[in-house]
Structures are given as C-alpha cells and as structure tokens.
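Bear in mind that the values in this text are calculations on the coordinates, not laboratory data. Since the model is a prediction, treat every value here as computed from it, not as a measurement. Counting neighbours? That spans all protein chains shown, and the Cβs are built from the backbone with ideal geometry, glycine included.
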Amino acid sequence: MTLLTKAGIASQQLCFYGAGSMAEAIVKGLTHEKLVEPSHISMLNRQNTDRLTELNDRYGIQTIVQGSSNEAFLRNADIIFLMMKPKDAAEAITAIKPFVSPNQLFISVIAGLSIRAIEQLLGTPSAVVRAMPNTSSSIGLGATGISYSESITSQQKALTEVIFSSVGINAIVEESLQQAITGVSGSGPAYVYYFMESMIASAVELGLTSEAAKELVVQTVLGAAEMVRNTGEEPAELRRKVTSPGGTTQAAIELMEENRLSETINKAVHRSAERAGELGAAIERSITE
C-alpha cells in the first residue's frame, strides 16, 4: 500500500447502507488497520436502532442515534457501500437516489445485482464496484471478487483494493465471473462448515466427546489449509501423499468417490452461482415492472 493511497482512504467519508455482519467486518478491518477514523464512517439501516447503537458503542462510528440524519450521511459520503439484502435492494437504492451524486463511489456487495442494474437504479452511469466478499472477512481472512464499472477512476480502484485488502485477499475479475465467485468463495465457508459438522458428528458416534471432536476437526481443517498455502503444492498432490495404498485414508476416499462426493460438490457450487444469477434477475425484473 502506498502512502498516497493510505492518505487517500484516510481522507474519505464512508457510508454503509446496511448494518449486517459483512458491513461490520469491513468496518472492523478498516478501523483495526487504522486506515479510516471511526468519525469518518457512518452506517444506516431501515429500522434497527439497537443494532446501530451496538455498532457505535463497539467501533465509534456515526449513526442517526448520535443526532445526524441518514440523508446527511449519504450526501456527505465519498464512498457509499450498498449492503442491503437482495430483496430490498431495488427499493432501497431508488430511495437514496435524491441524496447521491455521480462523483461518489458506490461499492455493492448485493449478490447477483449487476453494475448495469445499479446504474439504472441510480439513474446515471456511476462509479460502481461490484464485490463479493465472504464471512471470513470478519477475522481478516476474507476472499473478495471485485469488478469495476467503466466510470471507475484509477484512484477509486486503488481505494477499493485498499478497503478489501484490510479484510483479506481480493481478486479483480470480469463481471461475468461474479456468479462463479459467489459459488466458490462467497458461499464457500458454509460448505466447509457443513463438512466439519459431519466430521464432528461422526467423531461423536465413534465415542469422542463433542468438545474433543470439535477441537480435532478444527485443527485438522486448519492444518490442511495451511499445508496447501505453505507448501504451494496442489491439494490433489497432498491428498495422494497421505493416501497409502490399501490404507485407512484410501478406504475413506474410495467410499466418498463411490458416493460421488466430488460430483455433489461440483453441483452445489454451480447451484450457488446459478442462484446468484436468479437473485439478480429477480431484482432486474422488479426494476422494469
């Protein structure tokens, strides 16, 4: 990160429309890395003032609870994060249209919603970032796919990448690949948790306590991920190294293959990506109705 970029993000006013876990993860990353002062961050939601109070107490960010207005937060922002639920997106973005301007940067994490649709809702070609982070961003280990509209400047790109680097890694991709990002890394943590749930349940059936089972499974998954990262070897090669012919691991892997685990995972990733497209299409239909 250059000093110029660090100074650039520090001078920005950030407004988050949506106060969910992903918004909190980004705020946590930015404030933890001391990239943005809490006084430069505002957050709004539709009606949950208890949540806004909680976030103000935790991070010192600005909300209507401190006496300002959502309209003022939106007007004064350099960067507006669109973090509402997909079902609320069209109505919410249309509602903020009177308070925003084309010189602002819009960062959307709304699954499936295209840049074109966001510009249509805003009523003008705008500097729009379409991003798909994941929940591991809350501990600084997120993975985010980022796509840019044609109106984005090089400085706005740099600021965006600084923001998402504060919560993990990011990859710049063509917008057509955003559904794939959703299917792989956006929804990906849940696939791993589901696998871990099954391993823990199996360990308990075999006689381990639930506490011991969880500890062993967590460390096993953590160790496997670190092996891939630290050795640079492909997962398939590491799997082969631990799978002795005729041994216990081979017996387990053969059973997984017989039950088409790989095919199931493939179908699940594709279905997640497909669902992102369906959500986006539903929002776009609501715009034209």
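Specify the inter-centroid distance of the range 199-220 and the range 125-182, based on alpha-carbon positions, in whole Å.
36 Å
What is the extension gain from residue 95 to residue 116, computed as 0.36 nm multiplied by their sequence separation minus the C-alpha to C-alpha distance, in nm to one decimal? Provide the component values of the computation, followed by the final result.
Details: separation 21, 0.36 × 21 = 7.56 nm, distance 1.75 nm.
Length gained, residue 95 through residue 116: 5.8 nm.
Helix 21-32 versus the longest principal axis of the chain: what angle, 0 to 90°, nearest 10, using Cα atoms?
80 degrees
I'd like the FRET efficiency for residue 71 and residue 285, computed as 1/(1 + (r/R0)^6) with the beta carbon distance as r and R0 of 30 Å, rounded to 0.05.
Working: r = 29 Å, r/R0 = 0.96.
With R0 = 30 Å, the Cβ-Cβ based efficiency is 0.55.
Label points 7 Å out from Cα along the Cβ direction at residue 226 and residue 175: separation in nm?
If labels sit at residue 226 and residue 175, their model points lie 4.1 nm apart.
Give the percent of DSSP beta bridges with both residues in the chain that are antiparallel, rounded to the nearest 5.
Values: 4 of 26 bridges.
Roughly 15 percent of the DSSP beta bridges within the chain come out antiparallel.
Under a crude label model (7 Å from the Cα following the beta-carbon direction), how far is residue 274 from residue 255 in nanometres?
3.0 nm
From the P(r) of the range 188-272, can you give the percent of Cα pairs sitting at distances over 20 Å? Before the final figure, lay out each step's value.
Values: 1655 of 3570 pairs.
Considering the range 188-272, 46 percent of its Cα-Cα pairs are separated by more than 20 Å.
Taking the mean number of other Cβ atoms within 10 Å as a proxy for protection, how do you rank 198-210, 276-288, 8-20 from highest to lowest?
Values: 198-210: 12.8, 276-288: 16.2, 8-20: 20.1.
The densest-packed peptide leads the list: 8-20, 276-288, 198-210.
Which of these values of volume of the Cα convex hull per residue in Å³ was calculated from the structure shown: (1) 134; (2) 160; (3) 121?
Entry (2).
Round to a whole angstrom and tell me the spacing of the C-alpha centers of the range 232-253 and the range 56-112.
Centre-to-centre (Cα) distance: 49 Å.
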